[in-house]
2 protein chains.
Amino acid sequence: MTPLNGDAGGSPDREERILGIIEKTRSKPGKFKDTQITMSHGAGGKATQSLIEGLLLPAFLNEGLAQLGDAGAFQANGTGLAMTSDSFVVSPLRFPGGSIGELAVNGTVNDLAVSGAKPLALTLGLILEEGLDTAILRQEVEAIAAAAEAAGVQIIGGDTKVVERGLADSMYMCTAGVGLRDPRAELSTTSLQPGDHVLVSGSIGEHGTTIMLARGEFELEASIESDTCSLWPVADALLEEVGPGIRCMRDATRGGVASAVNELARASKVAMTIREKDVPVEPAVAGASDILGIDPMYVANEGKLVAFVAPEVADRAVEVMRSLPGCERAADIGDVKGSPAGMVLMETPFGSSRTMDLLVGDPLPRIC
Amino acid sequence: MTPLNGDAGGSPDREERILGIIEKTRSKPGKFKDTQITMSHGAGGKATQSLIEGLLLPAFLNEGLAQLGDAGAFQANGTGLAMTSDSFVVSPLRFPGGSIGELAVNGTVNDLAVSGAKPLALTLGLILEEGLDTAILRQEVEAIAAAAEAAGVQIIGGDTKVVERGLADSMYMCTAGVGLRDPRAELSTTSLQPGDHVLVSGSIGEHGTTIMLARGEFELEASIESDTCSLWPVADALLEEVGPGIRCMRDATRGGVASAVNELARASKVAMTIREKDVPVEPAVAGASDILGIDPMYVANEGKLVAFVAPEVADRAVEVMRSLPGCERAADIGDVKGSPAGMVLMETPFGSSRTMDLLVGDPLPRIC
């Protein structure tokens with residue numbers, strides 16, 4: 001990440017330099033012309049991207065943000081830090097394998113972990129609906145505390161707001177986190193090179209599928225659980241064993257693995273080929289996706305990362321991941337190619353291939 | 001603040017030590033027995049306190065949090081940092097003198113500033129209601145960018161979620177901020193001593209009164225504007241001129257100056273006397289409060305701090321503040337006494353006095 005001091009400043013030189021970074025990291029900066037917010041603006045796909053690139057990024061112009069990693073970079077007294085924040089509006093609040101509180105901790109921890117930063121401290125904002133049963137709140141507070149302990153972070157501050165009955169769906173959460181940027185790797189969204197390998201840390205699509213089934217709208221039952229967990233152990237192991245060979249990591253949340261690879265293909269101006277047969281998907285997820293007509297590549301994960309690594313460390317990286325609990329199905333799923341820049345192709349088991357673009361619309365609203 | 005490293009850890013020793021801190025900082029830890037969340041849990045008064053002390057604090061047990069300042073303390077590579085977060089649900093979104101976006105930046109900047117930390121970086125979480133007019137969003141994004149520039153901080157990351165129509169009130173915001181702890185002062189909520197002076201940085205009650213009038217419920221008009229602004233310039237000036245004499249600072253948001261002084265009286269186990277005649281209140285605020293039957297001491301400010309200082313620096317501190325724009329009416333409003341611990345008395349201009357307790361209920365919902 002580009003080192004950045006914490007000072008403000010808006011000299012024309014600096015703005016030009018930052019605009020240059022934005023230009024370099026984006027092949028085609030999005031425009032934001034929508035007149036109304038739709039559910040798809042929150043889905044992590046094309047509409048989210050146009051909102052970020054067309055409205056938010058130009059307004060908040062700075063180097064840490066321009067890199068558009070999962071966390072922003074800044075410095076304090078010469079110490080390199082990363083900071084990130086997430087809001088959580090998942091419905092239902094509890095689901096097999098987790099709850100909104102666990103997601104809130106792990107989601108923020110994971111944004112730091114995949115940015116190559118050791119999570120240190122979290123804050124917690126609660127927006128509560130008037131009339132909420134405090135037993136539900138207590139349950140989530142306990143889930144947050146347990147997840148924070150498991151992830152090795154402290155909740156060092158927070159804030160609580162209450163809105164009138166009907167103006168929230170029980171509770172929303174906002175977490176922010178700060179981490180110490182790790183010297184074992186220099187990760188960047190723009191550093192992918194032809195020949196690099198694309199790895200995933202385990203089987204995909206479990207979180208999103210779990211939420212969909214937990215809502216009971218599909219009258220479909222399957223024994224699937226959310227994969228919500230801290231990704232710091234796997235990020236830490238990769239940094240330790242193959243640090244210099246890691247180009248970039250992403251946690252594959254909203255929009256799934258498909259969005260993560262698409263964003264990186266665009267940021268690094270490279271192409272990618274993903275081999276469908278090598279992508280690990282649990283049979284229950286594959287079955288549910290099939291019936292629902294959804295590609296698991298677009299389904300959210302809350303405990304899986306995608307790593308882009310130099311070819312010479314790819315096998316070792318997979319081996320390292322597979323040795324960790326929960327990552328037994330880690331796999332090498334694809335390659336980085338030179339062109340066409342920004343395009344991701346999915347090779348089917350039958351030898352054909354299809355374009356795998358960013359998600360359009362929002363097939364799975366409020367999954368985190 | 002207690003130095004604290006970022007490592008997790010839950011040794012019995014450590015827990016005992018932390019429980020000791022909590023015990024020391026609280027004369028009577030609150031219990032949380034309510035079965036439903038009410039608007040008063042978000043109002044910053046007694047109900048908020050019981051929620052924090054009875055449920056959140058015991059669950060998230062750690063030293064940075066136990067100090068219960070406006071920001072939590074932690075260290076990264078030996079650098080002392082502070083971190084805070086806030087959620088904003090103000091209604092209406094725009095009001096004379098400001099908007100939700102400005103509040104979101106200044107509220108977080110101010111929590112850092114009064115904790116004696118120079119604000120460095122902010123993150124922004126947006127929870128948007130489906131159907132929101134994007135012109136309103138654009139306006140707030142611009143307000144955030146302008147407020148961040150004015151406050152000298154960078155927005156280095158963020159997150160956007162969308163909920164279905166009706167499940168939010170246009171938009172909610174969550175900001176988090178990190179600041180560099182300033183070596184010019186050692187602030188602590190437990191350090192107030194009998195003889196210390198209580199100062200405010202200007203006239204009070206303007207933000208809350210503005211919001212109330214902007215809602216149009218009272219058919220009352222007055223030329224009052226929100227005081228929302230960054231408090232770092234005034235905090236910085238105080239740290240520079242009288243740093244070692246400052247015991248603690250607070251920004252007097254929800255619950256107003258009354259809540260700030262009550263919290264500090266409890267944390268430091270001291271009494272306080274506030275002289276009503278010395279508290280600066282604009283005539284329009286005094287008039288509106290009078291008609292509405294609300295004491296301006298309980299009304300929220302978004303650009304005023306309360307400073308607790310050693311007697312020998314009190315006059316100089318007031319002088320320093322008065323030299324700054326917006327702080328012309330800074331004043332010495334009261335004294336710290338030895339007992340009864342935790343009690344705040346208001347001396348009326350007629351020589352009598354009354355107890356000024358924490359706010360009960362929520363006379364002014366969603367003012368920030």
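The values are calculated or read from the model by the stated rules, or taken from the named source; none is laboratory data. No experiment lies behind these values; they were computed from the predicted model shown. Positions of Cβ are backbone-derived with ideal geometry, glycine not excepted, and every protein chain shown enters the neighbour counts. The protein model used for the area step is the full one, side chains on, heavy atoms only, and it has no ligands, DNA or RNA in it. Shrake-Rupley method; radii C 1.70, N 1.55, O 1.52, S 1.80 Å.
Work out which GluC sites (Glu not before Pro) in chain B are exposed loop sites (DSSP not H, G, I, E or B, at most 11 other Cβ within 10 Å) and give the longest gap free of them. By the stated rule (loop sites, at most 11 other Cβ atoms within 10 Å), B:1-216.
Report the gain in length on full extension from A:Arg94 to A:Ile291: 0.36 nm times residue separation, minus Cα-Cα distance, nm rounded to one decimal.
Details: separation 197, 0.36 × 197 = 70.92 nm, distance 2.37 nm.
Separation in residues times 0.36 nm, less the Cα-Cα distance, equals 68.6 nm.
When chain B is treated as a GNM, springs tying every alpha-carbon pair under 10 Å, which of B:Pro311, B:Pro340, B:Pro92 comes out with the largest mean-square fluctuation? Fluctuation is largest for B:Pro340.
The Rg/Rh ratio of chain A, with Rg taken over Cα atoms and Rh as the Kirkwood radius over Cα pairs, comes to 0.95.
Note on B:Ser191 and A:Arg215: their simple-model spin labels are 5.2 nm apart, each label 7 Å out from Cα toward Cβ.
Given +1 at the Cβ of Lys and Arg, -1 at the Cβ of Asp and Glu and no other charges, the dipole of the stretch B:258-315 around its Cα centre is 240 debye to the nearest 20. With each label modelled as a point 7 angstrom along the Cα→C-beta vector, the B:Ser223-B:Glu312 pair spans 4.5 nm. Normalising the Debye intensity of the stretch A:185-355 to I(0), with uniform scatterers on Cα atoms only, and taking log10 at q = 0.09 Å⁻¹ returns -0.28. Unpaired Cys in the protein assembly as shown, meaning no second Cys C-beta under 4.7 Å: A:Cys229, A:Cys248, A:Cys327, A:Cys368, B:Cys229, B:Cys248, B:Cys327, B:Cys368. Alpha-carbon geometry of the protein assembly as shown: the Rg and the Dmax are 25.6, 91 Å, given in that order. Whole-Hz Karplus values for the stretch A:79-84 come out as 8, x, 10, 10, 9, 8 Hz, taken residue by residue from phi with 6.51 cos²θ - 1.76 cosθ + 1.60 and θ = phi - 60°; glycine and proline positions read x.
Rolling a 1.4 Å probe over the heavy atoms of the protein chains gives the stretch B:179-241 an accessible area of 40 Å² per residue. Summed over all non-identical Cα pairs, the Kirkwood treatment of the stretch B:225-279 gives a radius of 13.1 Å. Scanning residues 5 or more positions from B:Val281 or on other chains, those with amide H under 5 Å from its amide H are B:Ile204, with H placed 1.01 Å from N in the peptide plane. Distance between the 7 Å Cα→Cβ label points at A:Ala146 and A:Thr79: 3.1 nm.
What share of the DSSP beta bridges in the protein assembly as shown is antiparallel, in percent to the nearest 5? Antiparallel bridges: around 75 percent, rounded to the nearest 5. Residue by residue along B:70-80, Cβ atoms of other protein chains within 10 Å of the local Cβ number 5 on average. In order along the stretch B:338-343, the phi-based Karplus estimate (6.51 cos²θ - 1.76 cosθ + 1.60, θ = phi - 60°) of 3J(HN,Hα) comes to x, 7, x, 3, x, 9 Hz; Gly and Pro are listed as x.
Rg and Dmax of the stretch B:46-124, based on Cα coordinates, read 14.6, 44 Å.
For chain B, what is the number of Lys pairs with C-alpha distance below 15 angstrom, counting only pairs 8 or more positions apart or on separate chains? List each step's numbers first, then the result.
Values: B:Lys24/B:Lys269; B:Lys28/B:Lys46; B:Lys28/B:Lys269; B:Lys31/B:Lys46; B:Lys33/B:Lys46; B:Lys269/B:Lys337.
Here the count comes out as 6.
Rolling a 1.4 Å probe over the protein heavy atoms of chain A, with every protein chain left in place, gives an accessible area that is 49 percent carbon and sulfur.
Between A and B, roughly 7000 Å² of accessible area is buried in total, ligands, DNA and RNA not counted and the probe set to 1.4 Å. Comparing the stretch A:164-252 with the 2.2 N^0.38 Å rule of thumb, its C-alpha radius of gyration ratio is 1.51 (two decimals). Give the residues of the stretch A:215-257 whose amide nitrogen is closer than 12 Å to a point set 7 Å from the Cα of A:Glu319 in the direction of its Cβ. Once the point is set 7 Å along Cα→Cβ of A:Glu319, A:242 turn out to lie under 12 Å by backbone N, inside the stretch A:215-257. Here the Karplus relation 6.51 cos²θ - 1.76 cosθ + 1.60, evaluated at θ = phi - 60°, turns the backbone of the stretch A:262-267 into coupling constants of 4, 4, 6, 4, 6, 5 Hz, with x for every Gly and Pro.
Measuring nothing but how far apart in sequence close Cα pairs (under 8 Å, 6+ apart) lie, relative to its length, chain A scores a relative contact order of 22 percent.
Over all directions, average the projected area of the Cα convex hull of the stretch A:72-181 and note it in nm². Don't jump to the answer; show the numbers that get you there.
Details: hull surface 28.0 nm².
Projected over every direction and averaged, the Cα hull of the stretch A:72-181 covers 7.0 nm².
Close amide H pairs (under 5 Å, H built 1.01 Å from N) link A:Gly157 with A:Leu124, residues at least 5 positions away or on another chain.
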